[in-house]
């Protein structure tokens, strides 16, 4: 089980309710071990790379209205 932990920076997190909505979007995502978001839009995810991917997690967040910030 190759576990990956990384921090994603997303837009759209403005309040605690947004954090809860983000958590709900990731709830029960296959392969996701943990996800912690803060009000700065940082989401620390730990997932099984054999079951899911960074792109799949970003897709789930995107469907809930959160989008990854482009690298500058």
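If you check 23, 37, 33, 56 for being surrounded by 13 or more Cβ atoms within 10 Å (Cβ to Cβ), touching a helix residue (DSSP H, G or I) at 6+ places or on another chain (Cβ under 6 Å) and on the phi < 0 side of the Ramachandran plot, only one passes: 37.
Residues that are assigned to a loop (DSSP other than H, G, I, E, B) and under 16 Å from residue 69 (Cβ atoms) within the range 1-59 comprise 12, 13, 14, 38, 39, 40, 41, listed in sequence order.
Taking the range 60-72 as the range and being assigned to a helix (DSSP H, G or I), in contact (Cβ under 8 Å) with a residue 24 or more places away in the chain and under 10 Å from the mean Cα position of the chain (by Cα) as the test, the residues that pass are 60, 61.
Laboratory data are not the source of any read-out in this text; all were calculated from the coordinates shown. Every value quoted in this text rests on a predicted model; they were computed, and no experiment measured them. Counting neighbours? That spans all protein chains shown, and the Cβs are built from the backbone with ideal geometry, glycine included.
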